[in-house]
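A.B. asks: Pasting in a structure now, in structure tokens, and then I'll have a few things to ask.
The values are calculated or read from the model by the stated rules, or taken from the named source; none is laboratory data. Please read these numbers as outputs of a predicted model, since none were measured by experiment. Note that each Cβ is placed from the backbone with ideal geometry, even for glycine, and that neighbours are counted across all protein chains shown. Calculation scope for accessible area: heavy atoms of the full protein, side chains included, ligands and nucleic acids excluded. Shrake-Rupley method; radii C 1.70, N 1.55, O 1.52, S 1.80 Å.
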Amino acid sequence: MTERERITKAYELAKETYGQWGVDVEEAIKKVQDIPISLHCWQGDDVTGFENPDAQLTGGIQATGNYPGKAKTPEQLRRDLDKAMSLIPGKLRLNLHAIYAETHGEKVERDELKPEHFKNWVEWAKAKGIGLDFNPSCFSHDKSSDGFTLAHQDDEIRNFWIRHCIASRKIAEYFGKELGTPAVTNVWIPDGYKDIPVDRTAPRERLKDSLDKIFAVEIDKAHNLDAVESKVFGIGSESYVVGSNEFYMGYATANKKLLCLDAGHFHPTEVISDKISAVMQFVDEILLHVSRPVRWDSDHVVILNDELIAIAQELVRGDYLDRTHIGLDFFDASINRIAAWVIGTRNMRKALLFALLEPTAYLRQLEAEGDYTSRLAVLEEMKTTPLSAVWDYYLMNNDIPVSSEWIKEVKQYEKDVLLKR
Ligand code: RNT
Ligand code: ZN
């Protein structure tokens, strides 16, 4: 039997199995293909960027590991992304940070960044037919070295970051216009205190005021959508984070902004899968930073674990896909960085496929009837349905290497390209 025949046969059988539960497999495959997932550029170079080759990552986030072959130039990063994207099925986008500007050796301050510094990225995205998303970079900079940016007490520093965020929104507007799909611009800042502050109020007043100033510059939603991202703590901001969940939940609700939920930004027993349906009552759209916190906000590569599946289930069951922008946010420097992208992104899409292959209507009916016994029994049965048979068939039909094949490709690329850097 050829590989093609084996995969097709397994798929036909799987279709029968799902059919018994009333699940339309072809429909699920069609749907999963069109859900955009925004790949984060920063997995490719450990959040270094191109502003300064010796840039130190600050702002309370950390990429650990020293696996060889990280991208050091925009060309290398794009080449690595091309490789990774060729191994990932479905609709993709790329999420850029401001520090990935190309200034061709010229020193350009962050508040002076312009669309032209992202021209190559836009050309690249155009050629690939993908959209771009964006982030102001309020970290790894002299003016953020004391841990404060938009909430800084020094007006000069605060205004610098305000100008940077406005410049970033204009760059995103350019992305949206050029590529015909709105860019999501996510504001995340590291601001906070290592130790217990006396004044928890003033920094939050300043952050609110900064955001008001940033968003006062009107940009058409057809080109740019603004998001704000909270967190519970960072390295060096263990006792107090200005942009906490309550702060941004309130801000996004009051100002009609997108709320960004990062899977690693809450207390360890809290999960964002439970937050989606709650916040969706109050905001129009959300941005997800799908990540994997291991004991803390460690940004491990996303695996197919309970929470990833729960996130996908919530988006599908709640019919929230159209109001959700799925972005990834992890950075592991201890393994092949291209493999990290491929594993994490394939898992995100696999989780979505898993969720789409659920007999949700039937489960809802059981729940409404109070038959929680059957609800639990069916949910458990679904865990061992032949997902991989559908997944492999879906990949094969889209000319994406299945299982071990993609690993071989990454290893070859490592030998031919990465290890020669
Ligand atoms: C940090 C936030 C933020 C960053 C990226 C690089 O805790 O999660 O989203 O990881 O912007
Ligand atoms: Zn994040």
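A.B. asks: Can you tell me which condition ASN66 does not meet? The list is (1) open to solvent by less than 70 Å² (accessible area, probe 1.4 Å); (2) modelled with pLDDT of 95 or more; (3) within 24 Å of LEU418 (Cβ to Cβ), and all the others hold.
C.D. replies: All conditions are met except number (1).
A.B. asks: Can I ask one more? How many residues does segment 313-340 contain that are more than 16 Å from ligand 2 (Cβ to nearest atom), within 22 Å of GLN43 (Cα to Cα) and either in contact with a strand residue (DSSP E or B) (Cβ under 7 Å, 6 or more places away or on another chain) or of a type in the set (Gly, Ala, Ser) (or both)?
C.D. replies: 3
A.B. asks: Quick test of your reading of the structure: LEU287 fulfils all but one of (1) within 16 Å of ligand 1 (Cβ to nearest atom); (2) surrounded by fewer than 17 Cβ atoms within 10 Å (Cβ to Cβ); (3) outside any loop (DSSP other than H, G, I, E, B); (4) of a type outside the set (Asp, Glu). Name the failing condition by number.
C.D. replies: The failed condition is (2).
A.B. asks: Could you please give the count of residues in segment 36-68 that are touching a strand residue (DSSP E or B) at 6+ places or on another chain (Cβ under 8 Å) and assigned to a loop (DSSP other than H, G, I, E, B)?
C.D. replies: Count: 4.
A.B. asks: Here's a follow-up. Quick one: ALA278 ticks every box in (1) part of a strand (DSSP E or B); (2) without any contact (Cβ under 8 Å) to a residue 60 or more places away in the chain; (3) away from ligand 2 (no atom under 13 Å from the Cβ) bar one, so which box is it?
C.D. replies: Result: ALA278 fails condition (1) only.
A.B. asks: Given the conditions (1) at positive phi; (2) in contact with a Phe, Trp or Tyr (Cβ under 7 Å, 6 or more places away or on another chain); (3) among the charged types (D, E, K, R), and given that LYS350 satisfies all but one, which numbered condition is not satisfied?
C.D. replies: That leaves (1) as the condition not met.
A.B. asks: Which residue pairs have Cβ atoms under 6 Å apart, sit 6 or more places apart or on different chains, and have a first residue in segment 287-307 that is closer than 21 Å to TYR320 by Cα and a second that is open to solvent by 10 Å² or more (accessible area, probe 1.4 Å) and assigned to a loop (DSSP other than H, G, I, E, B)?
C.D. replies: Pairs found: HIS289/ASP329; VAL290/ALA263; SER291/ALA263; SER291/ASP329; GLU307/VAL271.
A.B. asks: For segment 69-98, enumerate the residues that are over 18 Å from the mean Cα position of the chain (by Cα) and assigned to a loop (DSSP other than H, G, I, E, B).
C.D. replies: Those that are over 18 Å from the mean Cα position of the chain (by Cα) and assigned to a loop (DSSP other than H, G, I, E, B): GLY69, LYS70, ALA71, LYS72, THR73, SER86.
A.B. asks: Given the condition within 16 Å of ligand 2 (Cβ to nearest atom), crowded, with 20+ Cβ neighbours inside 10 Å and not polar (S, T, N, Q), answer yes or no: does some residue in segment 207-220 qualify?
C.D. replies: no
A.B. asks: Let me ask something additional. Restricting attention to segment 181-197, report how many residues are away from ligand 1 (no atom under 16 Å from the Cβ) and touching a helix residue (DSSP H, G or I) at 6+ places or on another chain (Cβ under 7 Å).
C.D. replies: Count: 1.
A.B. asks: I've got another one for you. I'd like to check something: does segment 195-213 contain any residue that is more than 24 Å from ARG158 (Cβ to Cβ) and part of a loop (DSSP other than H, G, I, E, B)?
C.D. replies: Checking segment 195-213: not a single residue is more than 24 Å from ARG158 (Cβ to Cβ) and part of a loop (DSSP other than H, G, I, E, B).
A.B. asks: Any chance segment 247-261 includes a residue that's out of contact with any strand residue (DSSP E or B) (no Cβ under 9 Å at 6 or more places or on another chain) and either hydroxyl-bearing (Ser, Thr, Tyr) or within 14 Å of ligand 2 (Cβ to nearest atom) (or both)?
C.D. replies: Checked segment 247-261: no residue is out of contact with any strand residue (DSSP E or B) (no Cβ under 9 Å at 6 or more places or on another chain) and either hydroxyl-bearing (Ser, Thr, Tyr) or within 14 Å of ligand 2 (Cβ to nearest atom) (or both).
A.B. asks: So which residues in segment 20-35 are in a helix (DSSP H, G or I), open to solvent by less than 90 Å² (accessible area, probe 1.4 Å) and over 21 Å from ARG375 (Cβ atoms), if there are any at all?
C.D. replies: Listed by number, the residues that qualify are VAL25, GLU27, ILE29, VAL32, GLN33.
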